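Data block below; observations after.
Bear in mind that the values in this text are calculations on the coordinates, not laboratory data. Note that the structure is predicted; figures quoted are calculated from it, not measured. Counting neighbours? That spans all protein chains shown, and the Cβs are built from the backbone with ideal geometry, glycine included.
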Amino acid sequence: MTWVGLVIALAGALGYAFGAALQQFEAVAEGASLRLVRRPRWWIGGVIGFTGACLHAVALSFAPLVAVQPISVATLVFAVPLAALMYGRRPYKAEILGSIAVAVGLLWLMVLLPTHNVTPKLGDGAAIGFIAVIGVIVLAAELIANRLRGPGKALILSVGAGAVTASVSTFVRAVGGGMQGDWGRLLHWFTLAVPVLLVCAVVLLQRSYAVGYFGVAYAGVQVVDPITSVLAGAILLGEPLPTNPSTAIPAVLAAALTIGGTITLSRLSPDHSHPVQVDATRESRSLTATSDLV
């Protein structure tokens with residue numbers, strides 16, 4: 001059943017990547033505002049991304065969090081080129097190399113984790129404490145991001161988004177994995193917490209996307225999400241972590257590869273959507289016309 005979960009997770013992750021690329025294009029054009037709801041392409045991206053998230057949730061009912069979460073990392077290699085095509089350009093070599101470095105580094109880290117399936121158990125007190133910790137991370141990210149600009153701002157905002165996304169996965173795993181065929185267990189406040197956290201994650205994601213650095217924003221989410229999920233799975237749900245000392249050096253190398261890829265993505269120039277380019281063209285023409293009149 002674990003392999004079934006992994007296949008479903010891969011399909012969901014690919015959909016999530018495509019939906020993210022569509023929504024980022026619109027977020028750059030309109031900013032992270034309510035104007036996005038007037039953009040059909042933003043809704044299409046949202047539906048595709050939501051479908052991917054639903055498949056991810058289904059996968060968590062078949063496989064442990066530490067096995068499913070790394071699957072989403074691989075989509076970074078697809079999401080960044082998709083975003084580039086949205087802007088009518090070929091992906092930069094640095095985008096490809098940086099994306100591959102982050103994906104390989106994270107997958108390497110996740111391969112080091114044991115994948116034994118255990119029935120998740122999460123108490124109310126631990127769940128409330130977990131939400132409080134996530135809230136502190138989001139608040140800190142918002143305060144720091146307000147002092148930054150450019151790729152640094154996109155990266156820090158993605159940290160908050162990734163933490164909230166990880167909380168969604170954790171609660172979905174607690175509910176879905178703990179059902180054990182009993183649908184009555186869905187009647188729990190954990191189930192109600194999932195859509196609320198999901199909406200918060202979407203808002204935070206749009207804010208990170210709107211900065212214009214999709215590569216580093218998406219990479220930041222993909223790094224923070226699985227790491228937070230794995231820690232939550234181990235600390236809160238009783239899922240195993242590696243105990244073999246021989247994994248220490250590979251883990252350091254994998255982390256270095258991930259950090260290097262993220263730095264590479266952060267050095268790229270921001271993208272601007274077509275509406276912004278059109279406005280710039282109009283402004284240039286207006287200035288030209290004014291100078292001619294003078």
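One decimal place: the segment L112-V47 gains 20.1 nm when fully extended, by the rule 0.36 nm per residue minus the C-alpha distance. For the pair L241 and H188 in one chain, pulling the backbone fully straight at 0.36 nm per residue adds 16.3 nm over the alpha carbon distance.
With R₀ set to 35 Å, the beta-carbon distance separating A255 from W3 gives a calculated FRET efficiency near 0.80. Once you order the gyration tensor axes a ≥ b ≥ c over the Cα atoms, which shape class does region 23-102 get: rounded for a/c under 1.5, otherwise prolate or oblate by comparing a/b with b/c? Taking the square roots of the gyration eigenvalues as a ≥ b ≥ c, region 23-102 is oblate. Can you tell me the alpha carbon radius of gyration of region 129-261 divided by the globular rule-of-thumb value 2.2 N^0.38 Å? This ratio for region 129-261 stands at 1.16. Averaging the Cα positions of each part gives two centres, and for region 212-261 and region 89-113 these lie 13 Å apart. Between A140 and S33, the contour length at 0.36 nm per residue exceeds the alpha carbon distance by 36.4 nm. For the pair region 6-33 and region 118-157, the centres of their Cα atoms are 20 angstrom apart. The modelled label-to-label distance for the pair C54/A94, using points 7 Å beyond Cα in the direction of Cβ, is 3.9 nm.
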